[in-house]
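Notes for the one structure printed next.
The values are calculated or read from the model by the stated rules, or taken from the named source; none is laboratory data. Quick caveat: nothing in here was measured; it's all calculated off a predicted structure. Cβ placement follows ideal geometry from the backbone for every residue including glycine, while neighbour counts extend to all protein chains displayed. Side chains included, ligands, DNA and RNA excluded: accessible areas come from the protein's heavy atoms. Shrake-Rupley method; radii C 1.70, N 1.55, O 1.52, S 1.80 Å.
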Amino acid sequence: MSPRPKPAARPAAPPASPLDCLDAVYVAEARPGQELPTPGDPEVAFAGRSNVGKSTLLNRLCQRRSLARTSRTPGCTRGVVLFRCALRDATRFVIADLPGYGFAERSKAERTGWGGLIESYLQRRASLAGVVVLVDGRRGVQPEEAQLAEYLRHIHRPFFAVATKVDKLSRAERGKVTAAIHRTLGVPVVGASGETGEGREEVLRRIRTLVRFEAEPPQSGTPSEPVANDPADGAEV
Ligand code: GTP
Ligand code: MG
């Protein structure tokens with residue numbers, strides 16, 4: 001009698017990572033003229049032009065396929081949309097998915113309304129720990145992104161940049177693009193792809209640095225950390 005064939009080995013599950021997202025839920029959305037809920041966990045806002053890949057990257061970071069709505073058509077996200085996330089390492093934070101700016105097809109009134117919404121959110125939200133500025137890796141920094149960076153410095157919001165859609169670039173191009181964005185904006189830049197997951201952990205480490213600093217501000221009387229637009233440089237993340 002011939003021996004029974006061994007059952008095929010199951011593919012090994014990837015090892016648990018402290019950056020696994022254990023919980024991710026929609027919290028609320030505010031459109032122009034509407035209020036957001038009272039601040040809770042520290043927030044990180046995703047800002048960038050329409051179609052740059054904000055909502056897709058958010059889904060990838062949270063390891064959820066369709067938590068935030070995404071679309072090939074620019075103008076998909078139409079308000080400030082909040083999602084609460086918890087990582088395996090117990091880091092808890094809220095991601096604010098912002099509507100894209102620079103979407104010319106919107107009516108002037110709509111653009112003014114959304115511009116006001118984004119600006120007042122960035123300026124006034126008490127729980128906002130920092131901002132992720134997304135730049136399309138194929139286009140590099142455009143005047144809008146440079147203006148956004150200047151505005152964030154002006155209002156003293158810490159931020160770092162993500163070059164998106166790097167799956168569309170060769171290895172050599174990725175290095176050049178991230179270096180050029182870093183030179184122009186003067187902050188750390190992570191190359192990432194919401195499509196393949198490249199850069200996911202590095203983006204999360206930098207978010208974790210931002211939100212931990214917000215959750216545990218320096219004691220009064222101790223010198224403050226030099227986080228202002230370069231939160232993760234030199235920090236252990
Ligand atoms: P708005 O909500 O309009 O501001 O856009 P958004 O910045 O949220 O962009 P969204 O995530 O909806 O993605 C826009 C389009 O780009 C979709 O067709 C996505 O599939 C595509 N996309 C997003 N991220 C990536 C990426 O990393 N690589 C590739 N190849 N395509 C991507
Ligand atoms: Mg979106």
Legend entry - Scan of segment 50-73 for residues that are open to solvent by 60 Å² or more (accessible area, probe 1.4 Å) and touching a Cys at 6+ places or on another chain (Cβ under 9 Å), ordered by number: 51, 63, 64, 69, 70
Legend entry - Among (1) surrounded by 13 or more Cβ atoms within 10 Å (Cβ to Cβ); (2) more than 22 Å from residue 77 (Cα to Cα), the one test that residue 16 misses: (1)
Legend entry - Verdict on residue 93 being within 12 Å of ligand 2 (Cβ to nearest atom), touching a residue at least 12 places away in the same chain (Cβ under 8 Å) and aromatic (Phe, Trp, Tyr): no
Inset, instruction - Might you check whether a residue that is within 30 Å of residue 90 (Cα to Cα), among the charged types (D, E, K, R), touching a residue at least 40 places away in the same chain (Cβ under 8 Å) and surrounded by fewer than 19 Cβ atoms within 10 Å (Cβ to Cβ) occurs anywhere in segment 162-179? - result: no
Inset, instruction - Tell me, please, whether a residue that is open to solvent by 70 Å² or more (accessible area, probe 1.4 Å) and under 22 Å from residue 125 (Cα atoms) can be found in segment 36-49. - result: yes
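State which residue is modelled with the highest pLDDT when the search covers only segment 96-108 and only residues that are over 16 Å from the mean Cα position of the chain (by Cα) and either near ligand 2 (Cβ under 10 Å from one of its atoms) or part of a loop (DSSP other than H, G, I, E, B) (or both). Even if it seems obvious, please write down each step before you answer.
Of the residues in segment 96-108, the ones over 16 Å from the mean Cα position of the chain (by Cα) are 102-108.
Imposing the further condition that a residue be either near ligand 2 (Cβ under 10 Å from one of its atoms) or part of a loop (DSSP other than H, G, I, E, B) (or both) reduces the set to 102-107.
Numbers: 102: 63, 103: 51, 104: 47, 105: 51, 106: 53, 107: 58.
This residue is 102.
Is it the case that residue 83 is within 16 Å of ligand 1 (Cβ to nearest atom), over 23 Å from residue 138 (Cα atoms), modelled with pLDDT of 90 or more and buried (at least 20 other Cβ atoms within 10 Å of the Cβ)? Show your work before the answer.
Numbers: within 16 Å of ligand 1 (Cβ to nearest atom): yes; over 23 Å from residue 138 (Cα atoms): yes; modelled with pLDDT of 90 or more: yes; buried (at least 20 other Cβ atoms within 10 Å of the Cβ): yes.
So residue 83 fits the description; yes.
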